[in-house]
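The values are calculated or read from the model by the stated rules, or taken from the named source; none is laboratory data. Everything numeric in this text was worked out from a predicted model, so none of it was measured. Positions of Cβ are backbone-derived with ideal geometry, glycine not excepted, and every protein chain shown enters the neighbour counts. To get the accessible areas, we keep the full protein, side chains included, count just its heavy atoms, and leave off ligands, DNA and RNA. Shrake-Rupley method; radii C 1.70, N 1.55, O 1.52, S 1.80 Å.
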Amino acid sequence: MTRRDGCGGDSRSFQTRLEALAPLAPSTRSWSRSTLVLVLLLGLTHVGILTAQETGAVRGTVTLDVIDDPVHGAIVLVIGPGRVTTTDERGHFEIDDLPPGAYELLAQREHLTAARQMVTIEPRATARVNFVLQLSPVHEEVTVTASAVAESTFDAFNVVTTLDSFDLATNIQGTIGEVLENQPGIAKRSFGPGTSRPIIRGFDGDRVLVMQDGIRTGDLSAQSADHGVSIDPASLERLEIVRGPATLLYGSNAVGGVVNAITPHESFLTSQSDGFRGQVTTDGSSADSQASANGSFQLGRQRWQLWGGGGSRRTDDYDTPEGPVVNSARRLDNGRAGVGYLGPTGFFSAGYQIEDGRYGIPFAGAFESEEGEGDVAPLIDLDHRRQSVRVDVGARGLGLRWLDTVRVAVSYLDWHHEEIETEDGLDRIGTTFDNESVVVRAELDQRPVGRLSGKFGAWSLRRDYLSVGEEALAPPTTQTALAAFVYEELNFGRVRVQFSGRLESNDYQVDRRAAVHRDAQALVPPPVRNRDFLGASGSAGLQVDLGASGTVVANLTRSYRAPALEELYNFGPHVGNLTFEVGNPDLEREASLGFDLSVRHQSSGARGEVNVYVYDIDDFVFPALTGDVIGRLRAAEFRQDDSRFTGLDAQGSLRVHEAAWVDVGLGFVDATFIASDQPLPRIPPFQAHVSADLIFRGLTVSPEWIWTADQDHVFEGETTTTGASVLNVGGSYVWPRAHAAHIFSVRGYNLTNALYRNHTSFIKDLAPEIGRGVRVSYSLRFF
């Protein structure tokens with residue numbers, strides 16, 4: 001089920017930094033292991049050559065009932081094998097090479113109903129299936145992140161939230177964290193509007209993995225509250241949020257969940273068609289003077305596809321019921337381009353992306369000012385740039401006995417930012433950060449054999465981290481990581497079983513620490529030494545169909561997380577986390593045992609799911625206050641203790657009239673240290689939302705009420721937060737055509753101008769959330 005609704009100052013050129021990667025091998029042993037594993041996995045593709053099994057095919061059309069015209073760009077999914085394609089400009093689709101048997105097919109396009117039909121595939125025969133879709137604010141989505149194959153979110157073993165481009169267009173926000181903050185079980189961590197990052201089930205930072213097209217973004221948003229995720233949601237085709245065992249496919253630091261931002265680079269494999277298609281979106285907002293425009297295109301010719309796009313977003317200081325928040329303005333510019341070839345078997349793609357922005361960090365200057373220097377604190381901005389180069393190669397439809405697709409992705413990610421102090425009209429660079437990463441990921445998708453389907457592969461990371469200046473807290477560090485993973489499913493009809501595993505090593509090689517900050521003389525910096533960690537993670541799950549409209553899913557997961565380099569090595573004033581941080585090079589790995597239970601229902605008049613979970617984490621890493629105060633910051637040392645996270649997230653939609661739906665969502669988590677029953681830092685309070693969709697042809701009016709409880713169960717030194725009640729009203733008009741969709745949207749937010757504070761904001765005691773305003777947007781999708 002889904003909810004509706006100037007560049008950095010690095011003097012080195014991008015080309016020079018790319019060329020400089022060649023000699024950066026951390027050790028021959030590390031890269032030799034990576035190469036060996038990848039070669040072995042790819043070498044397996046030559047085993048078990050072609051079988052003689054006779055296959056069949058299915059083809060058909062997808063039309064829109066309002067105008068009885070073909071639907072171009074609709075997704076058609078074969079549930080089970082996970083084969084997926086899109087309709088061409090005539091609404092036609094065809095899927096070949098299907099083993100004989102009975103299958104359920106799903107057809108879906110954004111803001112249209114998802115239709116399902118059963119089909120029987122005979123050897124050397126072609127079955128025909130035709131779909132008719134309708135406009136609907138409630139629809140079923142397809143996920144590519146949550147399992148070994150593409151499948152519907154209802155059928156997934158994992159808890160999945162999917163927002164398509166229509167959802168993103170009707171709720172335009174500046175950051176991914178702001179888009180997701182009111183989804184059940186998800187909150188927003190921030191240090192002002194430019195820095196937000198999702199919190200999932202109470203997990204933050206290095207325990208939530210943010211990716212773009214299945215590869216981590218390479219930014220430093222997990223490191224500090226004043227570092228944000230720079231991706232503009234308006235540039236995306238879809239957002240997928242996954243909680244559950246599929247996180248083992250992507251990293252051991254994803255115990256909370258995975259957020260995958262999907263762009264045309266990822267989707268071209270399933271959307272190959274001749275012609276020109278794309279999207280244009282523009283919006284404006286009153287309470288922060290936001291204005292943005294974003295566009296993208298895909299051009300297909302025979303087996304080639306070219307894509308590109310870009311956009312720009314600007315805001316001013318945002319207004320609150322107490323007045324504007326000074327130095328909260330932000331800007332973001334982005335551009336991207338790529339090319340791909342999809343042959344009968346082989347494929348490749350290459351793409352480049354750049355994001356460049358600058359945003360203010362409210363009140364940061366007050367914490368950096370020295371006592372007695374005067375009443376005027378400097379303004380602190382963060383000027384950032386992220387560049388990425390990615391190449392994918394592989395083959396699909398191999399026809400081997402057990403192997404269908406091989407894909408290798410190589411990504412170079414370059415993150416650079418400068419923390420800039422502005423005083424008396426003059427800018428001064430306080431600290432610079434460089435984070436360069438090379439990620440290699442190899443995936444092998446199994447050809448379904450009998451009841452078994454799955455995927456396995458290997459992943460490697462080479463990361464070089466360097467910071468220079470006043471907040472250069474950690475020494476220069478090289479991180480090398482290597483992992484092998486597997487995800488398998490057994491289908492027994494109404495009962496499915498999954499099991500997955502991941503073996504991952506992390507190695508930190510550190511240089512000497514720079515000079516200790518002058519205010520830190522009262523504390524002894526921790527010793528700097530290399531560390532390495534090795535851990536195995538695994539999961540098992542059971543899914544049972546409760547008839548045609550219901551299912552229950554249970555998952556048990558055992559996973560590990562290596563400490564982040566900030567937790568091991570930081571030492572100095574860290575305004576972004578409002579502490580003087582003291583790392584601990586003696587930290588051990590975290591070990592988590594988690595249990596998830598999900599009950600789901602979907603029918604023509606009701607859809608919903610209830611998810612309960614508990615995670616016991618041995619040696620949970622957290623910043624413990626020492627009682628020392630350095631300058632204006634409290635000292636905090638990273639320590640470990642056993643903890644427990646228990647919670648519930650739920651959402652449901654009920655059709656109360658032919659033209660009216662009512663939606664309800666809930667999110668609650670309780671996180672404490674097991675021995676003392678003391679709460680963990682910055683845990684989101686209970687939140688509920690109630691909304692409605694009132695439909696008249698293409699017009700939908702959506703009032704929404706969001707209620708947040710008090711949070712008085714707080715960590716040592718943390719202030720409590722009073723609950724809040726916020727009223728929003730949105731309206732959207734969709735004009736669908738066979739080859740285009742026009743979307744007009746207007747949304748009034750915080751209409752009562754309520755004074756409320758986000759408990760997980762680091763500046764909640766200084767700045768409330770945004771006040772009353774209105775946001776308008778227009779989006780064109782053409783196919």
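Would you confirm whether any residue within segment 265-282 is outside any strand (DSSP E or B), charged (D, E, K, R), farther than 19 Å from residue 196 by Cα and over 21 Å from the mean Cα position of the chain (by Cα)?
Yes, that holds for at least one residue.
Given the residues 439, 389, which is the only one that is under 24 Å from the mean Cα position of the chain (by Cα), open to solvent by 30 Å² or more (accessible area, probe 1.4 Å) and under 17 Å from residue 217 (Cα atoms)? Explain how you work it out, then say what you get.
Working: 439 fails: open to solvent by 30 Å² or more (accessible area, probe 1.4 Å).
Among 439, 389, only 389 is under 24 Å from the mean Cα position of the chain (by Cα), open to solvent by 30 Å² or more (accessible area, probe 1.4 Å) and under 17 Å from residue 217 (Cα atoms).
All but one of (1) farther than 22 Å from residue 681 by Cα; (2) modelled with pLDDT of 95 or more; (3) in contact with a helix residue (DSSP H, G or I) (Cβ under 6 Å, 6 or more places away or on another chain) hold for residue 500, so report the exception by its number.
(2)
Run down 168, 163 and say which single residue is part of a strand (DSSP E or B) and of a type in the set (A, V, I, L, M).
Within the list 168, 163, the selection yields 163.
If a residue has to be surrounded by 15 or more Cβ atoms within 10 Å (Cβ to Cβ) and not in a strand (DSSP E or B) to count, how many in segment 683-722 make the cut?
So the answer is 10.
Suppose we filter 323, 360, 311 for residues that are buried (at least 20 other Cβ atoms within 10 Å of the Cβ) and farther than 30 Å from residue 742 by Cβ; which single one remains?
The conditions single out 360.
If I ask for residues that are under 30 Å from residue 605 (Cα atoms) and not in a strand (DSSP E or B), which ones from segment 636-678 would you list?
658, 659
Just the residues that are modelled with pLDDT of 80 or more, open to solvent by 10 Å² or more (accessible area, probe 1.4 Å) and either in contact with a helix residue (DSSP H, G or I) (Cβ under 9 Å, 6 or more places away or on another chain) or not basic (Lys, Arg) (or both), please, taken from segment 126-148.
126, 127, 130, 132
Applying the selection to segment 621-646, what residues are closer than 18 Å to residue 257 by Cβ and open to solvent by 10 Å² or more (accessible area, probe 1.4 Å)?
Answer for segment 621-646, where residues must be closer than 18 Å to residue 257 by Cβ and open to solvent by 10 Å² or more (accessible area, probe 1.4 Å): 644, 646.
Of everything in segment 524-568, what is in a helix (DSSP H, G or I) and either surrounded by fewer than 14 Cβ atoms within 10 Å (Cβ to Cβ) or at pLDDT 95 or above (or both)? Give them in sequence order.
Just the residues of segment 524-568 that are in a helix (DSSP H, G or I), to begin with: 565-568.
Residues satisfying the conditions are 567, 568.
Scan segment 227-244 and give yes if some residue there is touching a helix residue (DSSP H, G or I) at 6+ places or on another chain (Cβ under 6 Å), of a type in the set (Gly, Ala, Ser) and within 30 Å of residue 324 (Cα to Cα), otherwise no.
yes
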